[in-house]
Amino acid sequence: MVAHHTHVYRKVVREIAKATVKPRLARNKDIASNFRALFAQSGRPEDTQRFHHDMQNALTFLRSQREYKALLERYNPLIDLTAEERIEATARRVAVSSSETLTALHTAASCLKDLSPVAFPTETVYGLGAIALNATAALKIFSTKGRPADNPLIVHVSSRRMLQTLLPQNYTLSPSYELLIEHFWPGPLTLLFPCDHSLIPDIITAGQPTVAIRIPSHPVARALIAVTDAPLAAPSANSSGKPSPTRAEHVLNDLNGKITIILDGGPCEVGLESTVEDIKRVLVNGFSDTDTPIPQILVHRRDFRDDALEQAPTTPGMKYRHYSPSVPVTLMHMSEVPLGIEPLSPSAFLEDLKRSMPHSPNALRVGLLMPSDSILMKSLISDTTIQWREFPFGLVSEPAIIARRLFDGLLTLEREGVDLILVEEVPEENEGLAIMNRIKKAAGSSQWIAIP
Ligand code: TXA
Ligand code: MG
């Protein structure tokens, strides 16, 4: 009986993963742990029957939810409407109620159709969008950002139907892609597809054999694409090399005078892109009871190194210095001291800093991006001869908050005029993998600290 329960339980958890809408992970964890608790209680024989019954009911409910979601997607009410009707319907669907927002969407869409770029919010970072299938429009993204021409753009679509219009004619999605799309779209996952060069302008792919596509989940992003009724190419809305903007204000500070419209959707929810751990969980759950082999997930520099690739990167994202504010950033390590490196005590580090940093006669101004319960921070700020600027960064145990605030922290501290920013490392697991990837690209130097 227990073996059967385990089987049903696993099915339920898998259905939860498939059926629940955003925010998937956080909500699933709660539901899964409730089920686990139930399961643990069901040890007594008189509860077993009842538990089994509850599980079956839950399974039926979740399956129907999933079907409902699939139906909604298939009968997307925006598909066959006129432009005016589409604006109305989009507005209702994304709960845009103010006429001001409607007008803004309308104005932005006509700006895009005039081939001018528009900055808009997505759930990850703000994007700088232009009509993807128009090379002239896409070119303006490059000139506005100062983006190297060999760095390709992600194309954003608002529906599976729109995705289909961009794919080669005889192309069918692999089971892995079907699974990933079902779980992560709309949302912060970009997938690479084979590129039909007769459809997609070369400027979008910059000579890559693939085109990068995603369906964002941010209501304003989806509404804008649907209202414009065209796929939008969009990189992050920052000057090339700078940290990605996560608030409209960041875009304004950086690109003021270069673009005419920024749609303000408030702060971005995710702050960084989707994590590898999520992808792995979905593939393992989805294929574990099937004949399809579970694809391997390999993270560059975690699971493999490729020196030839690092010397001559084929993926442009690996090539350029990235995410760097104009003030120096130092990555502060407390763990895993590499061989040959002697860690400093906090006070020795600060003495070095005061000696080596050019600063105003008053005091060195140092920005801190560290969790509010960091022992390193506590130890550093006891030196009162330095002017500390602490940016709220969540707790050590809250990597999702750290992910959301990282770019905001870099940009805000830069704007406050600090001489230097110190960022504390986070463990490289779950969201920490993506956070550390960005921090390492932003930091010009690293320092190991040992607290005596
Ligand atoms: O969350 C995001 O991905 C945001 C929002 C706006 O969607 N977009 C974004 O775009 O950050 P961007 O251009 O800043 O970063 C996209 C990365 C770049 O490093 C680019 O080189 C890489 O994706 N990329 C784009 N197309 C590619 C392709 N076909 N093959 C390999 N890498 C590609
Ligand atoms: Mg970028």
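FYI, it's all coordinate maths here, none of it is from the lab. All values derive from a computational prediction rather than experimental measurement. So basically every Cβ, Gly included, is an ideal-geometry build from the backbone, and we count neighbours across all protein chains shown.
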*asked:* Spelling out what I want: for every residue of the range 109-117, take phi, set θ = phi - 60°, compute 6.51 cos²θ - 1.76 cosθ + 1.60 (Karplus), and round to whole Hz; glycine and proline get x.
replied: 4, 6, 4, 4, 5, 7, 6, 9, x
*Work out, step by step, the length gained on full extension between Ile401 and Glu416: first 0.36 nm times the residue separation, then minus their alpha carbon distance; give nm to one decimal.*
3.3 nm
*Under the Karplus relation 6.51 cos²θ - 1.76 cosθ + 1.60, θ = phi - 60°, what is the ordered set of whole-Hz ³J(HN,Hα) values for the range 204-212, x standing for Gly and Pro?*
5, 8, 6, x, 6, x, 10, 10, 8
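Using packing as a proxy for protection, rank 203-213, 326-336, 119-129 so that the peptide with the highest average count of other Cβ atoms within 10 Å comes first.
Values: 203-213: 17.8, 326-336: 15.5, 119-129: 28.3.
Packing proxy ranking, top to bottom: 119-129, 203-213, 326-336.
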*asked:* At 4 °C and a viscosity of 1.567 mPa s, what translational diffusion coefficient does Stokes-Einstein give for the range 241-297, taking Rh as the Kirkwood radius over Cα pairs? Give it in µm²/s as a whole number.
replied: 88 µm²/s
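Given the Cα-Cα distance of Lys354 and Ile375 and 0.36 nm per residue of separation, how much length would full extension add, in nm?
On the way: separation 21, 0.36 × 21 = 7.56 nm, distance 2.11 nm.
Roughly 5.4 nm would be gained on extension.
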_Between the range 245-303 and the range 109-178, what is the separation of their alpha carbon centroids in Å?_
15 Å
*State, to one decimal in nm, how far the label point of Arg389 lies from the label point of Thr136, with both points 7 Å from Cα in the Cβ direction.*
4.2 nm
*Tabulate in residue order the Karplus-calculated ³J(HN,Hα) for the range 191-200, using 6.51 cos²θ - 1.76 cosθ + 1.60 with θ = phi - 60°, rounded to whole Hz; enter x for Gly and Pro.*
10, 9, 10, x, 9, 8, 5, 7, 9, 9
*asked:* Could you give me D for the range 351-452, from Stokes-Einstein at 4 °C and 1.567 mPa s, where the hydrodynamic radius is the Kirkwood radius over C-alpha pairs? Units µm² s⁻¹, please.
replied: 91 µm²/s
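Given a cut-off of 25 Å, name the pairs among Lys145/Lys354; Lys354/Lys378; Lys140/Lys440 whose C-alpha atoms lie farther apart than that in the structure shown. Don't jump to the answer; show the numbers that get you there.
Values: Lys145/Lys354 35 Å; Lys354/Lys378 18 Å; Lys140/Lys440 30 Å.
Over 25 Å Cα-Cα: Lys145/Lys354; Lys140/Lys440.
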*For Ala132, list long-range residues whose amide hydrogen, built 1.01 Å from N in the peptide plane, is under 5 Å from its own amide hydrogen.*
Leu232, Ala233
*Measuring from label point to label point, each 7 Å out along Cα→Cβ, what is the Ile294 to Ala206 span in nm?*
3.5 nm
*Extension gain Glu336-Glu100, at 0.36 nm per residue separation less the Cα-Cα distance, in nm?*
79.6 nm
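Rounded to the nearest 0.05, what FRET efficiency is calculated for Leu199 and Ser110 with R0 set to 25 Å and r the Cβ-Cβ distance? Write out the running numbers ahead of the final one.
On the way: r = 24 Å, r/R0 = 0.97.
Efficiency computed from Cβ-Cβ geometry: 0.55.
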